[in-house]
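Below is one structure, written out as structure tokens; comments come after it.
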Amino acid sequence: QVQLVESGGGLVQPGGSLRLSCTASGNIFSVNVMGWYRQAPGKQRELVAAITSGGTTNYADSVKGRFTISRDNAKKTVYLQMNSLKSEDTAVYYCNLARAGGNYWGQGTQVTVSS
């Protein structure tokens, strides 16, 4: 079984920055994909960014150039550095880990961008 624990959400003004962290426990396997999704009220959950265990990244067009995903395999942790935040980035952000035989979610962390 895999558990994911997120941290780092909060309230920030437009143009500000936040860093999200997600640490996995359990048998995550050496080959996996970790990512961040978000869901705003009334909208579907969408991919924000993902990174493979080998370091290949993928970003939603809406966050390219502003967000950076990274990971520390030794710590089983994935990070999302969010810069130049906009009001439309307001959502609950969920950490995800996908590996052979399983797809796992964190509990979510709220990010609110507002003045």
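The values are calculated or read from the model by the stated rules, or taken from the named source; none is laboratory data. Every value quoted in this text rests on a predicted model; they were computed, and no experiment measured them. Neighbour counts are summed over all protein chains in view; Cβ atoms, including those assigned to glycine, are modelled from backbone coordinates with ideal geometry. What goes into the accessible areas is simple: the full protein's heavy atoms, side chains included, and nothing from ligands, DNA or RNA. Shrake-Rupley method; radii C 1.70, N 1.55, O 1.52, S 1.80 Å.
How do the pairs read when you match residues in region 30-49 that are assigned to a loop (DSSP other than H, G, I, E, B) with residues anywhere that are of a type in the set (F, W, Y) and open to solvent by 10 Å² or more (accessible area, probe 1.4 Å), using Cβ under 6 Å and keeping only pairs 6 or more apart or on different chains?
Sorted first by the residue in region 30-49, then by its partner, the pairs are R45/Y37.
With the requirement that a residue be open to solvent by less than 20 Å² (accessible area, probe 1.4 Å) and within 20 Å of N27 (Cβ to Cβ), what does region 86-101 give you? Talk me through it step by step, then tell me what you get.
So the first thing to find is which residues in region 86-101 are open to solvent by less than 20 Å² (accessible area, probe 1.4 Å), and the list is 89, 91, 93, 95-97.
If the condition is that a residue be open to solvent by less than 20 Å² (accessible area, probe 1.4 Å) and within 20 Å of N27 (Cβ to Cβ), then C95, N96, L97 are the ones that fit.
Out of region 54-84, which residues are touching a strand residue (DSSP E or B) at 6+ places or on another chain (Cβ under 6 Å) and under 17 Å from Q3 (Cα atoms)?
Within region 54-84, R71, K76, T77, V78, Y79 meet the criteria.
Which residues, taken from region 52-107, are outside any strand (DSSP E or B), among the basic types (K, R) and either at pLDDT below 95 or farther than 16 Å from L18 by Cβ (or both)? Can you show your working first?
From region 52-107, those outside any strand (DSSP E or B) are 53-56, 60-66, 73-76, 83-90, 100-101, 106-107; that's our starting set.
Then keep just the ones that are among the basic types (K, R); that gives 64, 66, 75-76, 86.
Once the filter is applied, which keeps residues that are outside any strand (DSSP E or B), among the basic types (K, R) and either at pLDDT below 95 or farther than 16 Å from L18 by Cβ (or both), region 52-107 yields K64, K75, K76.
In region 66-80, which residue that is without any contact (Cβ under 8 Å) to a residue 40 or more places away in the chain and among the hydrophobic types (A, V, I, L, M, F, W, C) is farthest from G54 (Cα to Cα)?
F67
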